[in-house]
Amino acid sequence: MVRQFVLRRADWILDKQSYFQDLLKKNPAKEFRTGETFSVFGRNFRLRLERQPGLEFPFCKTEGQRLKVVVNGQVGEGLKNAIRGTIRDWYGVLTEKKARAVVRKHAKGLAVTPGRLIVTEQAKRWASCSKIGNIRLNWRLSMMPPAVFEYVVVHELCHLKTHNHSLKFWRILKSVLPDYETRREWLRKNGPGLMFNDF
């Protein structure tokens, strides 16, 4: 029975294997070394690592075309974990700050009041909206171009008016973002690659 299923779906399985292999080639796992590229709101920045012995808390910021990460004196796996955690936390802060700005821009026009904004790890989703109005956002959103970021947040705000993907929902979304289909297409094409980043 399983064998028959596999044989029937062989082409589909091969296509998926090829798709994920291609994703891995285009988005190799991060090694968190100086010179690696990280996307911040759709722009690429080169990682620059600095050590500062005695530093209490590692930090991260952009300087020109560089993503500067300053850590203590860690080495080996401890260093990699410190860099990974610092960058991830920094993305989370960027995502929350940008999301709040998008909510301020669009909530009044939509006549909605979201509950809590929660930035978290989401393995398969970019965002979600609960029935009580809380919006959960994937911390990786701040890797995306601003227009796509805005689309994701506005999409969830529209769910505060209708909690499904009915024709009514898409009409509301289009009234706010007339070009939402272009933004959505970018997400469909490029989003899976961002999910592959090894954090």
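The values are calculated or read from the model by the stated rules, or taken from the named source; none is laboratory data. The model shown is predicted, which means the values in this text are computed figures rather than measured ones. Cβ: placed from backbone, ideal geometry, glycine included. Neighbour counts: every protein chain shown.
The residues on offer are Lys168, Lys161, and the sole one that is farther than 27 Å from Thr62 by Cα and not in a helix (DSSP H, G or I) is Lys161. If only residues of the stretch 138-173 that are charged (D, E, K, R) and within 19 Å of Ala99 (Cα to Cα) are counted, the one that is surrounded by the fewest Cβ atoms within 10 Å (Cβ to Cβ) is Lys161. Condition check for Glu77 on (1) surrounded by 14 or more Cβ atoms within 10 Å (Cβ to Cβ); (2) of a type outside the set (Ser, Thr, Tyr); (3) at pLDDT 85 or above: one failure, at (1). Residues of the stretch 112-128 that are in contact with a Phe, Trp or Tyr (Cβ under 8 Å, 6 or more places away or on another chain) and hydroxyl-bearing (Ser, Thr, Tyr): Thr120 alone. Residues satisfying the criterion are absent from the stretch 149-168 (criterion: of a type in the set (Lys, Arg) and within 18 Å of Val93 (Cα to Cα)). The condition of being at pLDDT below 95, of a type in the set (A, V, I, L, M, F, W, C) and either touching a helix residue (DSSP H, G or I) at 6+ places or on another chain (Cβ under 9 Å) or part of a helix (DSSP H, G or I) (or both) holds for only one of Ala107, Ala101, Ala123, that being Ala123. Considering (1) closer than 26 Å to Ala29 by Cα; (2) modelled with pLDDT of 95 or more, the lone condition that Arg116 does not fulfil carries the number (1). The single condition among (1) touching a residue at least 60 places away in the same chain (Cβ under 8 Å); (2) under 23 Å from Thr62 (Cβ atoms); (3) aliphatic (A, V, I, L, M) that Val176 does not satisfy is (2).
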